[in-house]
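The values are calculated or read from the model by the stated rules, or taken from the named source; none is laboratory data. Predicted model, so just to flag it, every value in this text is computed and none were measured. Neighbour counts run over all protein chains shown; Cβ positions are idealised from the backbone, glycine included. The accessibility values were calculated without ligands, DNA or RNA, using every heavy atom of the protein model including side chains. Shrake-Rupley method; radii C 1.70, N 1.55, O 1.52, S 1.80 Å.
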Amino acid sequence: MHVIRADKSGFCFGVKRAIEMARQQCETGKRVYSLGPLIHNPQVIERLREDGLTVIDSPDEAEGGTVVIRSHGAPTSLIAELRARGLEVVDATCPLVKRAQERAVALARDGYAVVIVGDPRHPEVRAMLADVGEATVVEEEPPATLASAKRVGVIAQTTQAPESFRHVVHRLLDFDFDELRVYNTICQATVDRQRAALDLAGSGDVDVMFVLGGRNSANTGRLAQLCLAAGVPTYHLETPDELTDDMTAGRRSAGVTAGASTPDWIINAFVAALESR
Ligand code: F3S
């Protein structure tokens with residue numbers, strides 16, 4: 001099988017940085033925890049577990065030691081609680097996520113009604129929401145309740161698809177606000193990976209697309225949606241073991257892309273598995 005890998009795919013700098021920071025802590029020999037999975041890739045989390053990192057869901061589970069804040073960030077109040085419990089905190093929040101959080105807080109402080117364009121279930125958005133206090137999270141259509149706001153400030157989840165962000169902003173222009181302030185906080189790594197995936201899926205050079213990454217990874221899921229929307233049969237898989245004959249039957253060339261939390265060792269093994277067909 002002929003395999004073409006998207007120009008931009010796999011680990012972004014924020015994910016690499018978080019893994020590096022967690023590994024450094026594990027090397028100290030202390031107890032090391034992450035509050036929620038450090039990144040959204042179960043295979044990488046398993047390797048980190050072997051290195052000594054324990055994933056916890058609540059500060060109550062930490063029995064002393066260090067808590068690494070995951071790349072998606074955490075509410076400021078939760079970080080303060082960890083410190084108050086005597087735990088050491090290593091903040092591996094991606095700097096771009098941090099910047100979006102800070103902008104959302106600044107908008108609320110300056111009296112704007114904050115609109116976050118993103119998924120309300122995603123930890124990045126939940127952390128932002130907790131810090132801002134009150135905000136409207138919009139996935140597709142802004143609610144009519146926003147009509148009473150005078151000044152509105154808009155922020156994007158860093159892994160939001162640019163076109164859905166533009167769509168929401170465009171719809172907000174129909175409201176009668178005195179002021180609409182928009183921060184495009186979508187990170188470049190997301191834009192690059194989505195553009196490269198779309199270019200490949202729409203190139204006419206591939207009969208099928210494989211999108212690799214955690215099923216809990218928002219940006220990976222988004223890549224799969226985009227490839228499907230480009231009209232190419234698309235499979236979202238986590239590991240090479242999930243590749244089955246029916247996925248490649250009658251197909252001669254395949255495109256491969258991967259989310260920002262998918263490591264090269266999974267991508268390379270998958271490409272090798274495809275090429276051997
Ligand atoms: Fe950061 Fe963007 Fe990666 S926000 S964690 S560089 S996908």
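Between E20, E61, which is of a type outside the set (F, W, Y), within 16 Å of the ligand (Cβ to nearest atom) and surrounded by fewer than 16 Cβ atoms within 10 Å (Cβ to Cβ)?
Just one listed residue meets the conditions, E20.
Quick check: is even one residue across segment 217-227 part of a helix (DSSP H, G or I) and open to solvent by 50 Å² or more (accessible area, probe 1.4 Å)?
Yes, there is a match, as at least one residue in segment 217-227 is part of a helix (DSSP H, G or I) and open to solvent by 50 Å² or more (accessible area, probe 1.4 Å).
Go through segment 177-212 residue by residue and tally those that are in contact (Cβ under 8 Å) with a residue 40 or more places away in the chain, within 13 Å of the ligand (Cβ to nearest atom) and not in a helix (DSSP H, G or I).
The number of residues fulfilling the criteria is 2.
Consider T239 carefully, then state whether it is within 16 Å of the ligand (Cβ to nearest atom) and over 30 Å from G153 (Cα atoms).
In short, no.
How many residues does segment 103-120 contain that are away from the ligand (no atom under 16 Å from the Cβ) and open to solvent by 10 Å² or more (accessible area, probe 1.4 Å)?
Going through segment 103-120 one residue at a time, the tally reaches 9.
If you take the residues in segment 149-167 that are modelled with pLDDT under 95 and touching a strand residue (DSSP E or B) at 6+ places or on another chain (Cβ under 9 Å), which one is surrounded by the fewest Cβ atoms within 10 Å (Cβ to Cβ)?
P162
Does S71 satisfy the criteria of being of a type in the set (S, T, Y) and touching a Ser or Thr at 6+ places or on another chain (Cβ under 9 Å)?
Yes.
Go through V44, V97, V89 for me and flag whichever is within 12 Å of the ligand (Cβ to nearest atom) and in contact with a helix residue (DSSP H, G or I) (Cβ under 8 Å, 6 or more places away or on another chain).
On inspection, the qualifying residue turns out to be V97.
Would you check which residues across segment 72-98 are open to solvent by 10 Å² or more (accessible area, probe 1.4 Å), of a type outside the set (D, E, K, R) and under 16 Å from Q25 (Cα atoms) and list them?
L87, V89, V90
Is it the case that some residue within segment 129-139 is among the charged types (D, E, K, R), surrounded by fewer than 17 Cβ atoms within 10 Å (Cβ to Cβ) and within 30 Å of Y33 (Cα to Cα)?
Looking through segment 129-139, at least one residue is among the charged types (D, E, K, R), surrounded by fewer than 17 Cβ atoms within 10 Å (Cβ to Cβ) and within 30 Å of Y33 (Cα to Cα).
Residues of segment 121-143 being more than 16 Å from the ligand (Cβ to nearest atom), modelled with pLDDT of 95 or more and of a type outside the set (D, E, K, R), which ones?
L129, A130, V132, A135, T136, V137, V138, P142, P143
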